[in-house]
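Quick one: this structure, given as structure tokens, is what I'll be asking you about.
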Amino acid sequence: MADTALLESTHKKHEKQPAREESGLLRGLIRTARPKQWVKNVLVIAAPAAAGELFSRHALTQIALVFVLFTACAAGVYLVNDARDADADRAHPVKRHRPVAAGQVPVPVAYSVGIALAVVAPTVAAFLCSPLTSALLTAYLGMQFAYCISLKHVLVVDLVVVTTGFLMRAMIGGLALGIPLSRWFLITTGFGALFMVSAKRYSEAVQMAGKAGATRALLTEYTTGYLRFVWQLAASVAVLGYCLWALEEGGVPHTSVLPWRQLSMVAFILAVLRYAVFADRGTAGEPEDVVLRDRALALIGVVWLAMYGLAVANW
């Protein structure tokens, strides 16, 4: 009887082990897809919101689909990147805990799932969205894979690639819905993204000054003075582009209660100035973290969003 019970217990353990391994693999894949970064893909609503065409059923369906597809593309890039850097990550005190480096997700599995997502997302976009949407996703993937392989080691180009990734997120919603993208939208969004990207790099450079083993090898080739120049220039152009949009009168009927377009300049400039405080201190990390941890900046953002929405709706 004891032997029989022991055999049954061993058999049950062997049955549970594969289930646990599968569950651990799934959790590892999700962690590698960086769920925290998915908030960046909310930018897909930017162009439809700017055009005031966000709340129809067709628009909401397309935007939700584009959000999922862009998230799948980004997840594919993260998986391939972590698979490629697995050996180097194992020697890093923090990155060694990533699922691929830690062995929770085998390198071949990470490559397979990442490439599958990179193939499926643009294909689905071609059928369910538009050829332009599929083309932009393909361009994003090509650019990001090139970044993982070599471009992240090239001065200035690394800043441009990361900035372009944000700009593509902001553009894709308009492309999916066939909405023309205005020059002011592209200028403000592009330089606004460069402002946040270069502010983050500047903060990393300030925090790593005088320390060995920077998390980004390229940081040792940038000077803090240069990165400060970049984020100040980008902030200036973003503010200028937004103000030119707000002051442009052509084709805008004067039926709103207040000049919301012009008033929104105040909130936008205050938001940039408040964000610049953290950039100047060298504490501007991930943009979403900066906004969420500072109540004043979050409040300014809500006020700007309300004014911008009223301006677009012409209320």
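Yes or no: D280 in the same structural domain as V239 (by TED's automatic domain parsing) and under 16 Å from Q207 (Cβ atoms)?
When the stated conditions are applied, D280 passes them.
Quick check: is even one residue across the stretch 167-189 in a helix (DSSP H, G or I) and among the hydroxyl-bearing types (S, T, Y)?
Checking the stretch 167-189: at least one residue is in a helix (DSSP H, G or I) and among the hydroxyl-bearing types (S, T, Y).
Additional query: Answer yes or no: is there a residue in the stretch 291-305 that is modelled with pLDDT under 90, surrounded by fewer than 16 Cβ atoms within 10 Å (Cβ to Cβ) and not in a helix (DSSP H, G or I).
Scanning the stretch 291-305 turns up no residue that is modelled with pLDDT under 90, surrounded by fewer than 16 Cβ atoms within 10 Å (Cβ to Cβ) and not in a helix (DSSP H, G or I).
Rundown of residues vs (1) at pLDDT below 85; (2) closer than 30 Å to F185 by Cβ; (3) not assigned by TED's automatic domain parsing to the domain that holds T138, yes/no style:
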residue: A5; (1), (2), (3): yes, no, yes
residue: S9; (1), (2), (3): yes, no, yes
residue: K12; (1), (2), (3): yes, no, yes
residue: L29; (1), (2), (3): no, no, no
residue: H58; (1), (2), (3): no, yes, no
residue: A72; (1), (2), (3): no, yes, no
residue: G76; (1), (2), (3): no, yes, no
residue: A86; (1), (2), (3): no, no, no
residue: R96; (1), (2), (3): yes, no, no
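I need the full set of residues from the stretch 259-290 which are among the small types (G, A, S), crowded, with 17+ Cβ neighbours inside 10 Å and in contact (Cβ under 8 Å) with a residue 40 or more places away in the chain, in order please.
Result: S264, A267, A279, G282, A284.
The values are calculated or read from the model by the stated rules, or taken from the named source; none is laboratory data. Computed from a predicted structure; not experimentally measured. Cβ sites come from the backbone with ideal geometry, for glycine too, and all protein chains shown count toward neighbours.
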